[in-house]
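First the structure, in the form of C-alpha cells, and then the observations on it.
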Amino acid sequence: MTKTEETHRCPFDLPDPSDPNAVAALQVRAEEGVEKLSGLLTPLAQRFVERGEHLYLVGGPVRDAMLGKLGHDLDFTTSALPPTVQEILDEWGETTWDTGIEFGTVAAVREGQQVEITTFRSDLYDGVTRNPEVTFGDTLDGDLIRRDFACNAMAIELDVVDGALRPIFHDPVDGISDLLQRRLDTPQAPEISFRDDPLRMLRAARFASQLGFEVAPRVFDAMRDMAGEIERITVERIQAELDKLMCGIAPWEGIDLLVRTGLAEFVLPEVPALQLEQDEHMQHKDVYAHSLTVLRQATELEDDGPDLKLRLAALLHDVGKPATRALKEGGGVSFHHHEVVGAKLVRKRLRALKYPKHVISDVGQLVFLHMRFYGFGEGKWTDSAVRRYVTDAGDLLSRLNKLVRADCTTRNPRKARRLQRAYQNLEERIATLAEQEDLARIRPDLDGNEIMQILDLKPGPEVGEAWKYMKELRLERGELEHDEAVAALKSWWEERNV
C-alpha cells in the first residue's frame with residue numbers, strides 16, 4: 001500500500017498499537033476534549049449529580065474525541081428517566097425539544113452546542129423490522145453492549161467534584177483496542193447485532209469510508225451471509241447511509257465493501273454489474289476497478305468539501321456499459337452509447353432510492369454528458385462546439401470538467417499526457433470564449449416577440465420552431481448583428497416554406 005493510500009485509509013493521528021502507552025494516550029486525548037467544553041458541560045453534569053443520576057458522553061463523540069475531531073453534536077446516555085432529563089434540559093438549554101420521548105431521547109442547544117440525551121436502553125428486537133420494543137435499562141454496560149460497533153461503545157462519565165468536571169473513562173467491550181487497530185467489530189456476535197438492526201451492515205461500510213477502518217473478518221462474513229436482511233430497511237434510511245458513505249474520506253472503500261459482501265446487489269446493483277468478465281477475445285479495462293478509481297480521482301479534484309453529485313456521477317458514469325458491450329470485428333469490444341443507457345439507469349436507480357429531483361436530474365445529466373469531451377480530438381474544438389458543450393452542461397460545467405478529468409485512468413503515460421493537454425485546451429478555450437461572450441446565458445439574437453413581428457406570426461408551434469432555429473444559429477455562429485440575424489431568419493423561413 002502506498003503512503004497516499006494509507007492516508008486515505010486512515011488519515012487520523014492514532015498512536016502505534018504496539019506502544020504500551022497508546023491506550024492511556026487515547027484516554028487522555030478524549031478526556032482533554034471533554035474538558036475543553038467544561039464551561040458548557042459542568043452545569044449540565046452538575047444537575048444530574050444533584051438528582052443522584054449519572055451522565056455519560058457516549059458513542060461517536062467519544063471516538064471522535066480520540067481521533068481529535070470532537071464536533072458540535074454530542075450524544076449522551078444517562079441513568080435518569082426521560083421526565084427528569086426533560087426537566088434538566090429545560091433548565092440548562094436555550095432551546096429544548098423532544099426528538100423521541102417514547103425512545104427516551106431529549107435534545108437541547110446551548111451556545112451553539114447541541115446535546116442529545118437518551119436514557120439507558122436494553123431494547124428487544126423482533127427480527128422482522130429494525131424498530132425495537134423500547135425497554136429502559138439500568139446499567140451503562142447493558143446500554144453499551146447493544147451499540148453497533150465496539151469503537152462506538154465507549155463512554156466518558158461526567159462527574160462533578162467540588163464544582164469541577166471530572167471525566168471518567170468507561171470501556172466495557174474494549175472498543176479502544178479496535179480504535180487503535182483501525183478495526184470495526186461488534187460488541188456482540190455480528191449475527192445478533194445485524195439481525196437486530198440490518199442497517200448496521202450499511203453503517204459498517206459507511207464507517208469504512210468515513211474513518212478508513214477495516215471490518216473484522218467475522219463482521220465481513222456476517223455481512224456477506226446476511227446481506228439480504230437489508231431489505232427489511234426502508235429506502236429512506238438506506239439513502240441516508242449511502243449519502244454519508246459517499247461523502248466520507250474514502251467512499252471507494254465503502255462501496256467496495258458493499259460489493260464484496262453482496263450488499264450492493266440490494267442497494268446499488270448497477271455497481272457490482274460493472275464486474276464484467278475479462279477474456280482473451282474481449283479485451284477492455286476492468287470497468288468496476290476503473291469506476292472506483294474515477295471516484296477517488298474525482299474526490300481529489302473537489303474545491304470545497306465533498307460533492308455528492310460529482311461523486312455519484314463518478315461512481316455511476318459507466319453503468320451503461322454492461323448493457324451496451326459488443327464484440328468488434330477483428331477483436332476488442334465497444335460500448336456504443338453507454339452514456340445514454342447509463343443516464344437512464346442512473347435516473348431510475350436514484351428515483352428508486354428516493355433522491356431529490358435535483359440530484360436525480362443533475363447526476364443523470366453528468367452521466368449523459370461525460371463522453372461529450374471525447375467527440376473532439378486535441379485542438380479540434382471549434383467555437384460552436386465549445387458553446388454547445390457549455391450550454392448543455394449549464395450549471396454543471398464545473399462538475400462535468402472534473403468528471404472528465406477524473407475519467408482518465410489510463411496507465412499509458414503518452415495517452416495520459418495527450419488527454420491532459422486536451423482537457424487543458426478545452427478549459428482554456430472556454431475561458432477565452434467566455435471573455436468575448438456570455439456563455440452562461442446563450443440566447444437567440446431575436447426573441448419570440450421579434451420573431452412573430454418579423455414573420456407576421458401568431459403565438460404557436462411555428463414561433464417555437466423559429467426560436468429553435470435562431471438558438472442553433474447562435475450556437476453555431478456566435479452573436480450576430482441585429483440586421484444579420486433578421487436576414488438569416490427570413491432566409492430560413494423562405495427555404496422552409498418552399
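Values computed for the structure shown
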| item | result |
| --- | --- |
| Longest site-free stretch - the chain; sites: GluC sites (Glu not before Pro), DSSP loop, at most 14 other Cβ within 10 Å | 112-276 |
| Top positive-direction residue, dipole computed over the chain with Cβ charges, set L67, A222, L403 | L403 |
| Contact order relative to length of region 380-498, as percent, for alpha carbon pairs under 8 angstrom and 6 or more apart | 31 |
| Dipole magnitude of the chain about its Cα centre (Cβ charges: Lys, Arg +1; Asp, Glu -1), debye to nearest 20 | 2080 |
| Counting DSSP beta bridges with both ends in region 79-235, the antiparallel % (nearest 5) | 90 |
| Cα-based reach from K357 at 18 Å (exclusive), listing lysines while leaving out same-chain residues under 8 positions away | K309, K344, K348 |
| Å² of accessible area per residue within region 385-496, as computed with a 1.4 Å probe and no ligands counted | 59 |
| Sum of side-chain charges, D307 neighbourhood, beta-carbon under 15 Å (Lys, Arg +1; Asp, Glu -1) | 0 |
| Compactness of region 395-492 as Cα Rg over 2.2 N^0.38 Å, two decimals | 1.52 |
| Accessible surface of region 126-232, 1.4 Å probe, proportion on carbon and sulfur as whole % | 43 |
| Cα coordinate range in region 163-240, projected on the principal axes (Å, largest first) | 50, 28, 23 |
| DSSP-defined beta bridges in the chain - what % are antiparallel, rounded to 5 | 80 |
| Simple Cβ-charge dipole of region 341-496, Lys/Arg +1 and Asp/Glu -1, about Cα centre, in debye nearest 20 | 1840 |
| Solvent-accessible area per residue for region 217-346 (1.4 angstrom probe, square angstrom) | 44 |
| Sum of -39500 (n - 2.57) over DSSP H runs of 4+, divided by residues of the chain (222 nm, nearest 500) | -15500 deg cm²/dmol |
| Anisotropy class of region 247-376 from Cα gyration tensor, a/c 1.5 cut | prolate |
| For the chain: relative contact order, % (alpha-carbon pairs under 8 angstrom, 6 or more apart) | 9 |
| 10 Å binning of all Cα-Cα separations within the chain, expressed as whole percents from 0 upward | 4, 15, 21, 20, 15, 11, 8, 4, 1, 0 |
| Cβ-based net charge around T84, under 12 Å, with every Lys or Arg adding one and every Asp or Glu removing one | -3 |
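The values are calculated or read from the model by the stated rules, or taken from the named source; none is laboratory data. Since the structure is predicted, the reported quantities are computational estimates derived from the model, not experimental observations. Quick reminder, even Gly has a Cβ in these numbers, built from the backbone with ideal geometry, and neighbours come from all protein chains shown. All accessible areas refer to the heavy atoms of the entire protein, side chains included, with ligands and DNA or RNA removed. Shrake-Rupley method; radii C 1.70, N 1.55, O 1.52, S 1.80 Å.
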